């Protein structure tokens, strides 16, 4: 994979989908402050991805200038079921490193599907991304952002209503438009 193209595609997705649709009201601030790290993993298997995740956890733990890392891994866990199963391993690694409660991992995938939904349901687009991505979040920062945001509990409901209003076809086109044009 071409590193700049993959990273630019994910960066475009963050700006043109996540921020433009305000799916995460906390994202723009950190991007503007240049505190979001976009890191490409060359992993081709789960063990290497765990090592790359651990390296990112160590880096972000000791680098306050990085608020969050998007660990992009285009060459492993293409199947959403496998990706979803891997999240347990990732959480277990957090616990092994004694970082549970310090960091949490959010997940994004091209085929993301919430339980109880159909694959093409619009609400799945809150977590659909151009490539599989593990996002490392600082729990203290997330808690502070949530505490200072009015009616934070309404975010998922608002997102679902917005995405359903746009429809899966429009959302699919938005996601596809994140990739560079040939």
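Please compute the alpha carbon radius of gyration of segment 1-53, then divide it by the globular-protein estimate 2.2 N^0.38 Å. Two decimals is fine.
1.32
With Rg and the Kirkwood Rh both taken from Cα atoms, where does Rg over Rh land for segment 1-99?
On the way: Rg = 14.1 Å, Rh = 14.6 Å.
Result for segment 1-99 is an Rg/Rh of 0.97.
Quick one: among 40, 166, 70, which has the greatest mean-square fluctuation in a GNM of the chain with alpha-carbon springs under 10 angstrom?
166
Please compute the length gained on full extension between residue 172 and residue 114, using 0.36 nm multiplied by the number of residues separating them and subtracting their Cα-Cα distance.
Additional length available on full extension: 19.2 nm.
Taking only Cα atoms of the chain, what ratio of Rg to Rh do you get with Rh as the Kirkwood inverse-distance radius?
Details: Rg = 15.8 Å, Rh = 16.9 Å.
Dividing the radius of gyration by the Kirkwood radius yields 0.94.
Out of all DSSP beta bridges with both ends in the chain, state the antiparallel percent to the nearest 5.
Details: 11 of 17 bridges.
Counting only bridges with both partners in the chain, antiparallel ones make up about 65 percent.
Mean-square fluctuation check for the chain, GNM, Cα pairs under 10 Å: which of 109, 73, 62 is largest?
Largest GNM mean-square fluctuation: 62.
Residue separation times 0.36 nm, minus the C-alpha to C-alpha distance between residue 31 and residue 139: what's the value?
37.1 nm
Cα centroid distance between segment 76-122 and segment 137-169, in Å?
Using only Cα atoms, the two centres lie 18 Å from each other.
Between residue 104 and residue 164, what FRET efficiency follows from the Cβ-Cβ distance if R0 is 30 Å, with the result rounded to 0.05?
0.65
Every number here is computed from the coordinates shown, using simple stated rules; none is lab data. Nothing here was measured: the structure is a model prediction, and the numbers come from that model. We place every Cβ from the backbone using ideal geometry, glycine too, and count neighbours over all the protein chains shown.
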